[in-house]
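First comes the structure, then the notes that go with it.
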Amino acid sequence: MTEDITEAGPAAVEDDRDGGTPVPTDSVSVALDTVQGDGLAGYNYAYLDEHTKREVRRAMLKAVAIPGHQVPYASRPMPLARGWGTGGIQASLSILGPDDRFKVIDQGADESVNAANIRRLAERTAAVETTTDSTAADVIQTRHRIPEEVLTDDQILVLQVPITDPLRKIDGSDAANRRRHAHANYGKMWVHLYENVVEYGEINIAAAYPVMVAGRYLMSPSPIPRWDTEKLDDADHLSILAAGREARIYAVPPHTDVDPLAFEDREFTVERFPDQACHACGSSDTFLVEVSETAGPEADDGTDDESGTDDAAFETRYACNDTSFCAKRRETPDLPKDHHLDRSGVDWGPATPDHGDGEPRDDLDSEAGASQRGDST
Amino acid sequence: MTLLEAEGLRTVYGEGCSACLDATGPAEGTNQCPHCGSVVACAEADLSVAAGEVLGIVGESGSGKSSLAELLALEHNPDATTGGTVSYGDRPGNLLDVDYQTRHDLRTGEIALVHQHIRDGLTLDFTGGGNVAEKLLSAGWRSYADVRERVEELFAETEIPLDRMDDPTHTYSGGMQRRVQIARALATDPDLIVLDEPTTGLDVSIQARVLDTFRRVQREEGVAAIVVSHDLGVVRLLADRTLVMRHGRVVESGLTDRIMEDPHHNYTQTLINSVL
Ligand SMILES: Nc1ncnc2c1ncn2[C@@H]1O[C@H](COP(=O)(O)OP(=O)(O)OP(=O)(O)O)[C@@H](O)[C@H]1O
Ligand SMILES: [Mg+2]
Ligand SMILES: [Zn+2]
C-alpha cells in the first residue's frame, strides 16, 4: 500500500500531478475529513484546479465532435486509486456547477462504498446537491450500468471506463490499434466475433459489447451489460466515457447511431430473464441479478448467475440491479421507465420479456470463458 | 490482355542522393550507394502481367525481389522511399498514388499478397479459419453462414484438413500455414496474387506439394500470379515468363523456357549452371 498522500494536504496533490501515485480508496475518507475540517479553504472549487477542468472539458468537446473517438487528456491523480473511477470523477467534477444535482451509482447501486465516496467528494468540494433519483440528477456518474429510467436531453451520463480500446483484446499494440481506428479497419475485431460464434454458436460477449458509433468508430461502451447497450443508440442524453488510468475520454452525443457489431445471421441479443421477477418489487422488465438468501442485492456482482440454481439448500432469487428504480417500483409497481416524460412508449433498452421475443436467456458467465481464451492468446 | 503494367519501380532505403542510381546495379556490383550509403533495393524495373499469366521473379538473396513484390502488391513500406507507376486494368492513374481506402479495397479485392514471412501475413493466435475469414470480413462480408461456407470451400480447395479449421494457426505445420496464406489470398477471388517465396522454410517434399496445389488452383481459377523465389526450380515449375534480378535491377526477362535453355546474361548463366 502506498503512503496516504492526503495527509500532506493539497500541496502534495499538486506536486504529485505527474507522478500519479495511486492511493488506497479509503483514503478519500481521510481527504474528506481534511476538507471538512478546513471547509473549502485550500481546495479549488470542485477539487480540481481550473486549468485541469478546462483541459478535461476541452477533451470532452473534442470527443463530442468526433463521436466514439478516444481523445487523450492529462489525467490527474485523484484521492482514489486509479481504476476506481478516477476518470469518471475528473469528468464529473469538470462539468458540475453549484446548481447541479449529482447521482453516482456503482453497478446499479447508489449505496456502494465507492459511489458514496465519489458523491461525498463532489458534495463537499463542489457544493452540489446529490440525489439517488435518476430522473432528478443533472449528472449521473456510473460504473457498469445505465439507469432503467429514460435519460433526457437535460442530463449527462458519465461512464467510468477501465479499458478504452475494444481492439486491445485482439492486439495489445495501441499504436497498431490507433492506425486501425484511423482507417476504420476493423477486420480483426470481426474475426474475434467470428471465432466467438465458432466456439459458442453465438456472439458471446457479456459486457462491454463492441459498438460502431455513427458508422465510423469502433467503441467499447464500458462494461455495461448488453441490456444497456442499445440505450446509447439515438439517445436524448449525452454520454461521456472517461478513463483515468488510460487518460482517454470519448463520447456519444445525443441522437448518435450506436450499432452493436453482429452478423446478419447472428444478431445482437440482450440478456433475458424468462419467468423471473425482482423479489422485492416484482419487476420483470428490468436488468435482474441473482441474489442468494443470505447476501443482499448490492453484494451481487451481477455476473454470478448460474451457480446454485439446482442446489436446494440455497433459494435463488432475483433482484433489480438498479436499486433506486427498484425502490420506486416498490412504491408504484407498474411505474413506466418513462413515467417522468411527456411522451410514453419511449425506446429505452429491451422491452418487457412478456412483450419481447421470448428468446432463451443468455449465459452471463460466458465472458469469463471468452476473455480467458483471449488472454491466453 | 494486360492486367498490370509497371514502369520504373523503385524502392530506396535511406536518404538517397542524385548519384544513387548511377552508382548501383549489376555493373557496379552493389545495391548500396557509395556516396550516401542508401540501399537501392530495386530500381528501373519495368514489367507487365497478363490476365491469368504467371510471372516469375528470380534472383539471389538481397537482389530486391521482395521490395519489388511489395510495390506490385501495393504493400505500404514506411521505411522506404518508393517511386514508379503501376497501372491496373482500365483503372485510370497510378496505383502507387491511391489513397488508403482505395488501396485497402484493392488489397481485399483484386490484388492479394502472400508474404515471405508467415507472421507478416497471418495472425498466428487466430484460428486457421479465422485468418481466411479475416479477408472476407475486411471485404465487408456480414453473414456468418456465408463466411463459414466460403472458408470451408477454400480449405478444401487448398487441401487443408477441414477438422483443423478451428484450431489456432500456430498449431499448424509450416506447410499448412502456407496453404492458409494461399487460401486467404484466394478468398475474395482476386485477379492477381503476388507470392513471395511460397516455399521458404518447408522441406523439399512439402514444397513440391504446396506448389502443386498452388499450380492447380491457379489454373482452375485463372488467376494471374507473380511468383518470387530465389529458387529457379520454383519459378521453372510455375512461371510462364521470368525476370532475373541482381543488385536491385532486372538483368534479363523472357519466357521461362527460353531463359532456362538460352540465358543471355552472364549472371543468369551462372545462376542456371549452379543449379543444374
Ligand atoms: N527495411 C529495410 N531497411 C533497410 N534495408 C532494407 C530493408 N528491407 C530490405 N532492405 C535491403 O534491400 C535490399 C533488397 O531486399 P529484399 O528483401 O527486397 O531482397 P530479396 O531479393 O527479397 O531477398 P531475399 O531472397 O533474402 O528475400 C537488401 O539489400 C536488403 O538488405
Ligand atoms: Mg525476399
Ligand atoms: Zn426490483
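The values are calculated or read from the model by the stated rules, or taken from the named source; none is laboratory data. Not measured: the values here are computed from a predicted model. All Cβ positions, glycine included, derive from the backbone under ideal geometry; neighbour counts span all protein chains shown.
Contact list please: Cβ distance under 9 Å, first residue in region A:326-353 and touching a residue at least 40 places away in the same chain (Cβ under 8 Å), second residue within 16 Å of ligand 2 (Cβ to nearest atom), pairs at least six apart or on different chains.
Close Cβ pairs (under 9 Å, with a partner that is within 16 Å of ligand 2 (Cβ to nearest atom)) do not exist here.
Is one or more of the residues making up region A:246-253 part of a strand (DSSP E or B), touching a residue at least 24 places away in the same chain (Cβ under 8 Å) and basic (Lys, Arg)?
Checked against the condition, which is being part of a strand (DSSP E or B), touching a residue at least 24 places away in the same chain (Cβ under 8 Å) and basic (Lys, Arg), region A:246-253 yields at least one hit.
Which residues, counting only those in region B:22-42, are closer than 17 Å to B:LEU243 by Cα and away from ligand 2 (no atom under 16 Å from the Cβ)?
Across region B:22-42, the qualifying residues are B:GLY25, B:PRO26.
All but one of (1) touching a strand residue (DSSP E or B) at 6+ places or on another chain (Cβ under 8 Å); (2) more than 16 Å from ligand 1 (Cβ to nearest atom) hold for B:GLN116; which doesn't?
(2)
If I ask for residues that are within 20 Å of A:GLY42 (Cα to Cα) and of a type in the set (A, V, I, L, M), which ones from region A:108-149 would you list?
A:ILE118, A:LEU121, A:ALA122, A:ALA126, A:ALA127, A:VAL128, listed by residue number.
Counting only residues that are part of a loop (DSSP other than H, G, I, E, B) and under 14 Å from the mean Cα position of the chain (by Cα), which one in region B:47-75 is farthest from ligand 1 (Cβ to nearest atom)?
B:GLU53
Would you confirm, using the coordinates I've provided, whether B:ALA145 is within 22 Å of A:HIS192 (Cα to Cα) and out of contact with any helix residue (DSSP H, G or I) (no Cβ under 9 Å at 6 or more places or on another chain)?
So B:ALA145 fits the description; yes.
Against the condition among the small types (Gly, Ala, Ser) and either within 14 Å of chain B (Cβ to nearest Cβ) or surrounded by fewer than 23 Cβ atoms within 10 Å (Cβ to Cβ) (or both), how does A:ALA242 come out, does it pass?
no
Go through region B:4-37 and give me each residue that's part of a loop (DSSP other than H, G, I, E, B) and near ligand 1 (Cβ under 9 Å from one of its atoms).
B:GLY14, B:ASN31
The conditions are (1) more than 16 Å from ligand 1 (Cβ to nearest atom); (2) within 14 Å of another protein chain (Cβ to nearest Cβ), and B:PRO78 fails exactly one of them. Which is it?
Result: B:PRO78 passes all but (1).
If you go through region B:85-114 one residue at a time, how many are surrounded by fewer than 22 Cβ atoms within 10 Å (Cβ to Cβ) and within 16 Å of ligand 2 (Cβ to nearest atom)?
Number of matching residues: 0.
Search region A:275-293 for residues being surrounded by fewer than 18 Cβ atoms within 10 Å (Cβ to Cβ) and of a type in the set (Asp, Glu), and hand back the single one that is farthest from ligand 2 (Cβ to nearest atom).
Ranking the qualifying residues of region A:275-293, first place goes to A:GLU293.
For B:VAL244, state whether it is within 16 Å of ligand 1 (Cβ to nearest atom) and under 30 Å from B:TYR172 (Cα atoms).
no
Does B:HIS104 meet the test of being within 10 Å of chain A (Cβ to nearest Cβ) and modelled with pLDDT under 95?
The answer is yes for B:HIS104.
In region B:92-202, which helices (runs of 4 or more DSSP H) lie fully inside it and hold 1 or more residues that are of a type in the set (Gly, Ala, Ser) and either in contact (Cβ under 8 Å) with a residue 12 or more places away in the chain or within 19 Å of B:LEU71 (Cβ to Cβ) (or both)?
Filter on region B:92-202 gives B:118-121, B:128-138, B:174-186.
Could you tell me how many of the residues in region B:126-167 are surrounded by fewer than 17 Cβ atoms within 10 Å (Cβ to Cβ) and within 11 Å of another protein chain (Cβ to nearest Cβ)?
Summing the residues that are surrounded by fewer than 17 Cβ atoms within 10 Å (Cβ to Cβ) and within 11 Å of another protein chain (Cβ to nearest Cβ) in region B:126-167 gives 8.
Within region B:59-84, track down each residue that is aliphatic (A, V, I, L, M) and away from ligand 2 (no atom under 11 Å from the Cβ).
B:LEU71, B:LEU72, B:ALA73, B:LEU74, B:ALA80
With respect to B:GLY93, is the statement that it is more than 16 Å from ligand 1 (Cβ to nearest atom), touching a strand residue (DSSP E or B) at 6+ places or on another chain (Cβ under 9 Å) and modelled with pLDDT under 95 true?
Yes, satisfied.
Against the definition (touching a Pro at 6+ places or on another chain (Cβ under 6 Å), within 13 Å of ligand 1 (Cβ to nearest atom), closer than 16 Å to B:SER63 by Cα and not aliphatic (A, V, I, L, M)), how does B:HIS230 come out, yes or no?
Taking the combined requirement at face value, the residue does not satisfy it.
What number of residues in region A:150-192 are touching a strand residue (DSSP E or B) at 6+ places or on another chain (Cβ under 7 Å) and within 12 Å of chain B (Cβ to nearest Cβ)?
Looking only at that region, the number is 2.
Report, by residue number, each residue of region A:208-217 that is in contact with a strand residue (DSSP E or B) (Cβ under 9 Å, 6 or more places away or on another chain) and surrounded by fewer than 21 Cβ atoms within 10 Å (Cβ to Cβ).
Within region A:208-217, A:MET212, A:ALA214, A:GLY215, A:TYR217 qualify.
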